Structures are given as C-alpha cells and as structure tokens.
Amino acid sequence: MSNKVYFLLSAFLLIVLAGTAQQNDNSPYSRYGIGDISDNNFNHTRQMSGLGSSYIDGYHINIVNPATYSFLNATAFDAGVFVKRTWLKDNIATNKIWSGNLEYLSLAFPLRNPINEIYDGVKKNYKLGMAFTLMPHSTVNYNVASQDSLPEAGSFTRNYIGTGGTYKFLWGNSYMYKKFSVGVNMGYLFGKMKYENKLVFDAEKFAYSDFYTNDYNVSGFLWNAGVLYTDILNKKAIENNKTTPVKRLSIGLNANSATNFSTTYNISHQLIQQLLGGVINVDTVFLQDSIKGRGKLPAEFGLGATFYSGEKFCLGVNYATSLWSEYYNDASGEKKGALKNASKISIGGYFRPDYKSFDNFFERVYYRYGAYYQTDPRVINNEQITSYGLTFGLGMPFVFQRKVSHVNLGLNLGVRGQNTPISERFVKISLGVTFNDDEWFLKRKYN
C-alpha cells in the first residue's frame, strides 16, 4: 500500500510541474465575468460531450454529480492535461495559438470495499463514497493589441492584457441506498486576476503612455449537490438467463444555489514617459489598494439520463443551465444583468466491442462520441455568444501493479463566437490517466 501512495504523490507532483510550465489559452472573451469557466466533466465524460449529471462508472470519477461517488468499486486517482490549437479570426487577420495546461487532479474511493461483502457473504443495501479534487474554476488569459493614430498625437498602440484565474478544492461525499444515491461537494474557491489597459505612444515623441491596472484576489466557498436514480430494466430476462447483459437506466439531477465570494482589489493609473537612453519618468495619477468588495456566482442546474446495455453500449443526454444574469463583481465593476443565463445540451455515449477479449486489445477499448451546443453568458454587440462541437475519445485499459486502469485520450472540435467580431475555431486534445486500486479498506483474512 505504501508504494502505491508514494506513486500517487510522485505522479501528483510531476503533473503539477508539467502543467504549470505550459501557458493557458489566449481568449479575448475571458475578459468578461471571472474568465472562461472550466468544464467539471473529466475526460471520460467530456469525450461524450458531458454526461456528468447521470453517468455512473465503477472505476472513473464524476464530480459533476457527487451522488456518483458511491457507485465506485475501487479507489481511483485521476489526472488530466490538454493541448489546444486555436484559430482566432477578426475582420482583418487570423491568429494561430498553441496552449496547454493541467486540468484536474482527483482522488476518490468507496468507504466500504465491495470485496469485503464477498468475503463476508453478506450484501448490504447501502454504499458510501468520498472524493477530493483540485482543479481550475476559471481562466483569464488574453493579449490583444491594435494600432491607431491621431493627427495631433501620431501613431499609438492600444494593448489589453489579462492573466490569472481561480481554482477550487472540493471534498465530496455520497450515500447510496438501494436504487437511490445522494451526494454533496463542499469546496473553497481562491485565485487572483490582473487586467491591464495600455495606451502606448511612439517613444520618439516623448509622449506619456497611459497604463491602467486592476488586479484582485477572490475567495469564497462553493457547494453543489446531486441525486441519482438507477434501475435494471430487464430483471425478468436476467432471472431466466444469468448471462443476459444488464440493461440499466440512470437518471441524475445536480444543482447549487448562487454563492457569494469576497474580493480585495487594487486600481492604478500611471503615466509613463520613455526618454532617450532608457530613462523613464513615471507619474502616478491614481492609486487605491486593498479595496474590499463582494460578488456572486450563479446558481447552476443539470439534468440527464443515460442508458447502458451491458458493458458494450451506452447512450445519454444531458442539459445544464447557469443563471449568470444574477452575477455581479465589485472588483471588475460588473453589475447584475451584465451577463446572460447560459445553457448547454449534450448527447453522447460509447461503444465497447468486447471487454472480456483476451487476444484483441482494441475490442476492450471504449470508443466514445458526442455532440454539444451551448450558449455563453457573455454578450457581444447585443448577441449572446454560442458554441458547438463534436467530441471523440478512446478509453484504453492497461494493467498497473496487477490492477486494470485506463488512459483516456480525447478530441474536441469546436467553434465559438461565430458571427461575432472575434470568432474562434479550435482543436483540443485531452489526456487523462485513471489509476485504480481495489485494496483500500480491504479486511485481511488469516487462516
């Protein structure tokens, strides 16, 4: 057991170092709200376009609906990274960008090992699960520049830069009794964002350039709850023939109310003059720091249903909505109603030819697929931004220390902001690794 714990800790540190060495996406739309909101679906459900409200799996973690933790049959450690190619297009040019980063780290486990029931010969009607997760909640990263000129001032550059983001640490618990399961995630939100607007004149004119800066810290508590119902649809057929594949339906609901957060922000306006020889004159026009503020994150709701035919086939649908019209943030000056309510509809599933195959690896692979359409809370020229795309993925099993684990490789082909001043096309490749171990909380038997 100690070797496995050391391995998990080592993997954690390596992935953190690798992830933080990469840059985030360059997205002008991350200027609004608290940035681009991260998808809570991990790679295996993301490859099906996001079935997190209802999808259950005994060996993968699903934090979208915490009620799923009690369906775990083994301890799971899940980590994900991504690389993304983006084409940003305006009415003048197209900009191509590579980006990548760490997406999540999560550890979840059943609090009662199912193997103990086999040892004891007693099957209980309830199960318990727990999970810990660290992941980004939102990302701010953009750098936009434009050239302009005035007869009395000459040429100058307008530069808009945003960096930073927020993170969250979640602790979740789940309880299942017979066909019903409930769960709750409790979490802490933290992070820092910085916004800069620069008006830079030609240094040879000895003009003062304008630098406006607003940076602020965010902190607050998060929570979301879920309930899940699952039932076997062909019980009579199974009673007549024990080898009949189980046909199962799961229906899930997850939600959270609007939550408040606190901010501490600083505002500055400086005039900077660059002279010959590198001499710089700085004149501070305005400076105010440690300003206390408040904000509110939106309430969110998700509903989904997934059908499973044995271990071979799965198909589900998911709907989620976020009430961003109630969002406000004193630090950025955004008032209620600045953003619109957002929603997402997804459909997806997987096909697995034969999970018992011994001589053909590709028959044991999950072949995942999906499609989605979503509206964004941000509005440009009175038009709400929309996104749509297709997802594909492979769930490839491998053996690590005599335990079956999985590598999940996914592809997301999407478009965002079509018919807006800046449209975005992207190809996102995601890699997730899930290590499983069924020996946690295992009772030892001695003869």
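The values are calculated or read from the model by the stated rules, or taken from the named source; none is laboratory data. Note that the structure is predicted; figures quoted are calculated from it, not measured. Cβ atoms come from the backbone with ideal geometry, glycine included; neighbour counts cover every protein chain shown. For the accessible areas, the whole protein counts, side chains as well, though only heavy atoms, and no ligand, DNA or RNA atoms are used. Shrake-Rupley method; radii C 1.70, N 1.55, O 1.52, S 1.80 Å.
With Val365, Val415, Val407 as the choices, which residue is without any contact (Cβ under 8 Å) to a residue 40 or more places away in the chain, closer than 29 Å to Ile92 by Cα and either of a type in the set (A, V, I, L, M, F, W, C) or open to solvent by less than 60 Å² (accessible area, probe 1.4 Å) (or both)?
One residue alone meets the criteria, Val415.
Can you tell me which residues in the stretch 176-199 are buried (at least 17 other Cβ atoms within 10 Å of the Cβ) and over 24 Å from the mean Cα position of the chain (by Cα)?
Listed by number, the residues that qualify are Met176, Lys198, Leu199.
Quick one: in the stretch 200-228, of everything that is touching a helix residue (DSSP H, G or I) at 6+ places or on another chain (Cβ under 9 Å), closer than 30 Å to Leu170 by Cβ and not small (Gly, Ala, Ser), which residue is surrounded by the most Cβ atoms within 10 Å (Cβ to Cβ)?
Leu228
Confirm whether Gly417 is in contact with a helix residue (DSSP H, G or I) (Cβ under 9 Å, 6 or more places away or on another chain) and under 23 Å from Asn73 (Cβ atoms).
No.
Can we say Thr244 is at pLDDT below 90, open to solvent by 30 Å² or more (accessible area, probe 1.4 Å) and either of a type in the set (D, E, K, R) or farther than 30 Å from Phe211 by Cβ (or both)?
yes
Please pick out the residue among Ile251, Ile238 that is closer than 18 Å to Ser309 by Cα, assigned to a strand (DSSP E or B) and of a type in the set (A, V, I, L, M).
That would be Ile251, the only listed residue that is closer than 18 Å to Ser309 by Cα, assigned to a strand (DSSP E or B) and of a type in the set (A, V, I, L, M).
Residues to consider are Tyr355, Tyr328, Tyr319; find the one that is touching a strand residue (DSSP E or B) at 6+ places or on another chain (Cβ under 7 Å) and farther than 30 Å from Tyr265 by Cβ.
None of the other options fit; the residue is Tyr319.
Within the group Thr139, Thr133, which residue is in contact with an Asp or Glu (Cβ under 6 Å, 6 or more places away or on another chain), within 28 Å of Leu107 (Cβ to Cβ) and open to solvent by less than 40 Å² (accessible area, probe 1.4 Å)?
Thr139
Working only within the stretch 379-396, note down all residues that are more than 18 Å from the chain's Cα centre (by Cα) and either surrounded by 17 or more Cβ atoms within 10 Å (Cβ to Cβ) or among the basic types (Lys, Arg) (or both).
Residues satisfying the conditions are Ile385, Leu394, Gly395.
From Val285, Val317, grab the single residue that is open to solvent by 50 Å² or more (accessible area, probe 1.4 Å), part of a strand (DSSP E or B), of a type in the set (A, V, I, L, M) and at pLDDT below 95.
Checking each option against the conditions leaves just Val285.
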